[in-house]
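What follows is a set of notes on a single structure, which appears directly below.
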Amino acid sequence: MAKAVLVTGGGRGIGAATARLLAKRGYDVAISYQSNDAAAAAVVKDIEAAGRRGFAFKGDVAREADIIAMFAAVEKKLGPIWGLVNNAGITGKIGRIEDVTAETIQSVIDVNVVGALLCAREAIKRMSTKRGGQGGVIVNISSVVTSLGSPNTYVWYAAAKGAVDVMTLGLGQEVAREGIRVVGVAPGLTDTELHAAGGDPGRAHKIASVVPMGRPGQPEEIAEGIVWMLSDAAGYCVGSTLRVGGGR
């Protein structure tokens, strides 16, 4: 039976590209999404077209109840979860810290940090050989902004992704002897819908000059790094985060 991987935020951008690539590489794939039914259905259709089993769960990774229900539903549909890609993330609107609301900061932390921690908790409960599991891999999606800070853009998002890096490091060490590898991937400037959600749809191309390669990355390029980190080829990678940022 093929290994089953859950990709949170898999209805768009990097998550969707990762789900599609995983299916092409022989994995069964579940995705979570929050609102766009048509986009999620399109991803599942492509997974199935690649000859693999696909499943989409509609829910909010900022809600513990939704996360618990998601893992139960994925297991029922695809069997034991072998891989988790903690991809779901939001930035809030682009701006300076004095203009951001407490609600925006809280929602960014809830999705990017609390949600990722709770998803990792549920995955580890099922994967850990100490608890009767068969092992697995967790890939946490970070960002190159953890070393850039995102001044005048979204410092709060950079701070949240910094927390994700520490989570990867700590959990990687905590469960390494329980058959679980916890690793990260930090995308750089990527041409996705994330910029539109932040209020500047064309941002990836407007600021492409800051990237040494002179262009934004494509979701499929980031997906290659994620799928590699899930694979046996990255079998000695634990607690580390792979930077995929065009040199930035």
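No value in this document is a laboratory result; all are computed from the given coordinates. This one's a predicted model, so the numbers in the text were calculated from it and none came from an experiment. Here the Cβ is made from the backbone with ideal geometry for all residues, glycine too, and neighbour counts use every protein chain on show.
Here are some notes:
- Search result, residues across the stretch 232-247 that are touching a residue at least 24 places away in the same chain (Cβ under 8 Å) and under 19 Å from GLY179 (Cα atoms): ALA234, GLY235, CYS237, VAL238, GLY239, SER240, THR241
- Count of residues meeting criterion [not in a strand (DSSP E or B) and not aliphatic (A, V, I, L, M)] in the stretch 44-58: 6
- Sole residue being of a type in the set (Gly, Ala, Ser) and either over 22 Å from THR192 (Cβ atoms) or touching a helix residue (DSSP H, G or I) at 6+ places or on another chain (Cβ under 8 Å) (or both), chosen from GLY83, GLY95: GLY83
- Check on ALA176, in contact (Cβ under 8 Å) with a residue 12 or more places away in the chain, out of contact with any Pro (no Cβ under 9 Å at 6 or more places or on another chain), more than 16 Å from ILE141 (Cα to Cα) and assigned to a helix (DSSP H, G or I): yes
- Residue in the stretch 185-196 that is part of a helix (DSSP H, G or I), of a type outside the set (Lys, Arg) and more than 17 Å from ASN112 (Cα to Cα) present: yes
- Matching residues, the stretch 113-165, being in contact (Cβ under 8 Å) with a residue 24 or more places away in the chain, at positive phi and not polar (S, T, N, Q): GLY135, GLY136
- Output for the stretch 83-107, where each listed residue is part of a loop (DSSP other than H, G, I, E, B), touching a residue at least 40 places away in the same chain (Cβ under 8 Å) and more than 18 Å from LEU21 (Cβ to Cβ): GLY89, ILE90, THR91, GLY92, LYS93, ILE94, GLY95, ARG96, VAL100
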